[in-house]
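What follows is one structure encoded as structure tokens, with my remarks underneath.
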Amino acid sequence: MSVDRYDNPFERYSYKNPLIEALRNGQGELTAGRVTVRTARTFGFCWGVDRAVAMVWDALAQFPERRLWLLDQIIHNPHVNADFKARGVRFLRGPFADPSSEGELHADDVVVIPAFSATVEDMQHLRLVGCTIVDTTCPWVIKPHKRTLSYVKDGFTTVIHGLVRHEETRASCSLIASRGGRYVVVADHAQAELVCAVIRGQEPPGVLAERLPEGALSRGFDAAADLRQIGTVNQTTMLASETREIERLIRQAIADRDGETAARENFRELNTICRATQENQDAVEELAQGGALDLMIVVGGYDSSNTRNLTRVGAGRFPSYHVTGPDSIKPDEIVHRDPGGERLLRTPGWLPPGEVTIGFTAGASTPDTLLGATIRTVLACAGAMLPETVAPGAATRP
Ligand code: SF4
């Protein structure tokens, strides 16, 4: 979907959508032709994303004469980033950066820190340059930061359930390293099992450096010494059930090695998944259990960790497609990301014949406009059209 273009780059764009408003304010259900649409109880822009996007708008209005930079994507949605780029916002790095951008900062520039936060090194660099910093870091991201600092202070190694390339986890790692602490990043159950095998002495310490992705271990990590006392946190947008399982696995591995009493001293945990992620996952679980769905469509950027994890909730029970928006969907094919990996898949025959019930949800960085356009495209693929104004809960049969 193309972003709208504007004569006035400072005119705020509303990401609201009448169809989504109708679904939100109604029962989250409507029928058109042979398709019944059911939406999750909560979905879409979270408080932290709303706030970050609003702060970019505020900066555009407040500093009209100055160059405005984003350190990287403000949130993980390509449409929102492309929209800001179209208004003249520059990107220092990431998929929206100009190749020549790096190193061009001046003291009179304004730099926006994304909702995910920034590394200690980035913040030091920006302060050195002397530019104005607009920090949109979500307060929920601060929670794991604070916890890791207490682990470092007490000599614990932090195990982060997160994605090693995700900005939020990179920021957590850099904070720990800046205080002389140690960390291990595990993305999933299999990587956590590997750490557990080393804790129990079933695998040699060197296996972690060999088999975990680059950047998953703090510099000079000594698995023999650095896994004695462990505290866990998680990236705020991970799958809650997987985090709980990883905490349980690591605690059990320490108990197996040290005994139950010592495990109480040598293991700490804090679930740092944010409320919006938790609520959206709970709502998708409810929809998956009670929605009598034939398939689910989850709308959000492919870089979006929380969107990916929403897709994983339904996967295995029925087809669950993570799409970026209406452009991913054609009557005979859907382009989507593999819920368990990185691959892009093309699935023909995704829309079953006859009456079909489709669940919809959207990641915390997905504008309602995109979800609304996606629902309309799906209905069009099934030969059903909706009027512009939709009554909540109405069974609309054209
Ligand atoms: S998903 Fe959670 S941590 Fe991320 S911006 Fe939203 S509220 Fe904050």
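If you go through the range 222-243 one residue at a time, how many are within 16 Å of the ligand (Cβ to nearest atom), buried (at least 20 other Cβ atoms within 10 Å of the Cβ) and in a helix (DSSP H, G or I)?
Qualifying residue count for the region: 1.
Select, from Val335, Val313, the only residue that is modelled with pLDDT of 95 or more and among the β-branched types (Val, Ile, Thr). I'd like the intermediate steps shown before the answer.
Numbers: Val313 fails: modelled with pLDDT of 95 or more.
When all the criteria are applied, what remains is Val335.
Could you check, for the range 230-239, whether at least one of its residues is at pLDDT below 95 and farther than 19 Å from His145 by Cβ?
Yes, the range 230-239 contains a residue that is at pLDDT below 95 and farther than 19 Å from His145 by Cβ.
Conditions first: (1) part of a loop (DSSP other than H, G, I, E, B); (2) surrounded by fewer than 17 Cβ atoms within 10 Å (Cβ to Cβ). Gly301 passes all but one, so which condition is the exception?
(2)
Tell me which of these Gly259 doesn't satisfy, since it passes every other one: (1) without any contact (Cβ under 8 Å) to a residue 12 or more places away in the chain; (2) surrounded by 14 or more Cβ atoms within 10 Å (Cβ to Cβ); (3) of a type in the set (Gly, Ala, Ser).
(2)
Does the range 337-344 contain any residue that is over 24 Å from Glu285 (Cβ atoms) and part of a strand (DSSP E or B)?
Yes, the conditions are met somewhere in the range 337-344.
Check off (1) modelled with pLDDT of 95 or more; (2) surrounded by 17 or more Cβ atoms within 10 Å (Cβ to Cβ); (3) hydrophobic (A, V, I, L, M, F, W, C); (4) within 29 Å of His161 (Cβ to Cβ) for Cys138 and give me the number that stays unchecked.
With respect to (1) modelled with pLDDT of 95 or more; (2) surrounded by 17 or more Cβ atoms within 10 Å (Cβ to Cβ); (3) hydrophobic (A, V, I, L, M, F, W, C); (4) within 29 Å of His161 (Cβ to Cβ), Cys138 is out only on (1).
Consider only pairs whose beta carbons are under 7 Å apart and that are at least six residues apart or on different chains; among these, list those whose first residue lies in the range 34-50 and is in contact (Cβ under 8 Å) with a residue 24 or more places away in the chain and farther than 23 Å from Gln73 by Cβ and whose second residue is within 16 Å of the ligand (Cβ to nearest atom) and part of a strand (DSSP E or B).
As it stands, the answer is Thr39/Thr361; Ala40/Thr361, since those pairs meet every condition given.
Tell me which residues, restricted to the range 351-371, are part of a loop (DSSP other than H, G, I, E, B) and over 25 Å from the mean Cα position of the chain (by Cα).
Leu351, Pro352, Pro353, Gly354, Glu355, listed by residue number.
Can you work out which of the residues in the range 290-314 that are over 9 Å from the mean Cα position of the chain (by Cα) and charged (D, E, K, R) is nearest to Thr357 (Cα to Cα)?
Among those residues, the one meeting the criterion is Asp294.
Tell me, yes or no, whether the range 273-292 has at least one residue that is within 16 Å of the ligand (Cβ to nearest atom), closer than 30 Å to Pro319 by Cβ and part of a loop (DSSP other than H, G, I, E, B).
yes
For the range 132-166, which positions are out of contact with any Lys or Arg (no Cβ under 9 Å at 6 or more places or on another chain), within 30 Å of Ala61 (Cα to Cα) and away from the ligand (no atom under 16 Å from the Cβ)?
Those that are out of contact with any Lys or Arg (no Cβ under 9 Å at 6 or more places or on another chain), within 30 Å of Ala61 (Cα to Cα) and away from the ligand (no atom under 16 Å from the Cβ): none in the range 132-166.
Would you mind finding the one in Asp122, Asp83, Asp109 that is at pLDDT 95 or above, away from the ligand (no atom under 16 Å from the Cβ), within 24 Å of Asp303 (Cβ to Cβ) and buried (at least 19 other Cβ atoms within 10 Å of the Cβ)?
Numbers: Asp83 fails: at pLDDT 95 or above; Asp109 fails: within 24 Å of Asp303 (Cβ to Cβ).
Answer to the check: Asp122.
The values are calculated or read from the model by the stated rules, or taken from the named source; none is laboratory data. Quantities reported herein were computed from a predicted structural model and do not represent experimental measurements. Heads up, the Cβs are rebuilt from the backbone with ideal geometry, glycines too, and the neighbour counts pull from every protein chain shown.
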